[in-house]
1. For segment 162-186, give me each residue that is over 12 Å from Leu200 (Cβ atoms) and of a type in the set (S, T, N, Q).
2. Given segment 1-110, what helices (runs of 4 or more DSSP H) lie entirely inside it while holding 2 or more residues that are modelled with pLDDT of 95 or more?
3. Report yes if Pro163 is out of contact with any Asp or Glu (no Cβ under 8 Å at 6 or more places or on another chain), of a type outside the set (A, V, I, L, M, F, W, C) and part of a loop (DSSP other than H, G, I, E, B), otherwise no.
4. Take Phe47 and decide whether it is in contact with a Gly (Cβ under 6 Å, 6 or more places away or on another chain), aromatic (Phe, Trp, Tyr), without any contact (Cβ under 8 Å) to a residue 60 or more places away in the chain and over 22 Å from Arg158 (Cα atoms).
5. List, please: which pairs have Cβ atoms under 9 Å, are six or more places apart or on different chains, and start with a residue in segment 75-95 that is in contact (Cβ under 8 Å) with a residue 40 or more places away in the chain and over 15 Å from Ala160 (Cα atoms) and end with one that is assigned to a loop (DSSP other than H, G, I, E, B) and of a type in the set (Ser, Thr, Tyr)?
6. With respect to Asn222, is the statement that it is in contact with a Phe, Trp or Tyr (Cβ under 6 Å, 6 or more places away or on another chain), assigned to a strand (DSSP E or B), polar (S, T, N, Q) and at pLDDT 95 or above true?
7. Given the conditions (1) over 18 Å from Gly5 (Cβ atoms); (2) surrounded by 14 or more Cβ atoms within 10 Å (Cβ to Cβ); (3) out of contact with any Asp or Glu (no Cβ under 7 Å at 6 or more places or on another chain); (4) at pLDDT 95 or above, which single one is not true for Tyr263?
8. Starting from residues that are touching a Gly at 6+ places or on another chain (Cβ under 8 Å) and part of a loop (DSSP other than H, G, I, E, B), keep the ones in segment 111-160 and report whichever is nearest to Met99 (Cα to Cα).
Amino acid sequence: MVKVGTALVGRASTLRNWDATSDDAKLIEDCGFEFTTFGQHSFTPEFASPAPLTRLAWLAGRTRTLKLMSGIVILPLYPPAAIADQVAEIAELSGGRIMLGVGTGYRQYEFDGFQVPMKERGRRMDEAVQLLHHVFQTGVFETKGPFFPMPKVPLVPRPAMPPPIFIGGTSEPALRRAAYWADGLLTENMSTRQTMSVYLKRYRQLAGEAGRQPGSVVLYRNAYLSTSRQNIEENFIPAVLKEHLGYRSHGAAENVGDADTFYARAAAGEKISLEEIADGRMLAGDPQQMIGQIKEWEKSIGMTHINLMGVGPERSPEERRKTLELWSKEVIPYI
């Protein structure tokens, strides 16, 4: 059975109201979602979530069973020991519910702001992920790497169970990091189902070469559940296309091909149909259609988790509650 999670919305207008965010997390938990995620962007007014681990620590005391995932922390921006300490603390606070999702990042201004050369991000990422894997498994820091050399010192507190590490991305280096040093892979949300199946085949091949079993696969997808086709066409499709084009303007998902001209057509203002959106790109439709689409993804790529980026109408708290309950009653039990 696929485990379903959903992102807590990372927009400045919603995150100012922390009581509402807490209520949202508890509602997600009560509706049977397995996990929730917070992403990271620094120096980005339209996405005011610069410190997802801080937000997850805050939510640890306001939820009981909901797993808490950073999706993602831009790991090359930080000393890995600082990340390990924070994750260990959240593991203690939450009873082991933290899942650490990390990635290399892709926005130049974030690296400039942290005074970290962006050209070093891949090498920093490799070294940091290996150090985190080692310390979570052994409880001891120790590395002679060029970026983060550390003497032999303990991780305190040491979590009762190693917090799982997930690598974000589908580039060859990201797939290799996930296969060699992590517990799972977080996909991007823009490739087609056919393309994603190629990435996942490569990930599993790399895990075999490393002598490891493939880990969990968390599929990221924009999703909109509604019984009204008009609602989807008017409120979801234009918004999600604008969002994806914005990602691409900053260099996100550089390995997403344009052979089918989908994004070029969207950028040109061409009408994109619901059928094209829902056929192996995003998730959109009524409950039965949603179940069918998720099962097609599972058949094609074998994901273990799905992270829904948006779950449906969010024009009011009441409308959001009804949509989450619709997921709870008519979709989640059947996937």
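The values are calculated or read from the model by the stated rules, or taken from the named source; none is laboratory data. This is a predicted model, so every value here is computed, not measured. When we count neighbours, we look across all protein chains shown, and the Cβ atoms used for this are built from the backbone with ideal geometry, even at glycine.
1. Selection gives Ser171 alone.
2. 18-30, 52-60, 80-94
3. yes
4. Criteria met by Phe47.
5. Note: pairs meeting the criteria are Leu75/Thr104; Pro76/Thr104.
6. No; evaluated as a whole, the condition is false for this residue.
7. (4)
8. Filtering segment 111-160 for residues that are touching a Gly at 6+ places or on another chain (Cβ under 8 Å) and part of a loop (DSSP other than H, G, I, E, B), the one nearest to Met99 (Cα to Cα) comes out as Pro159.
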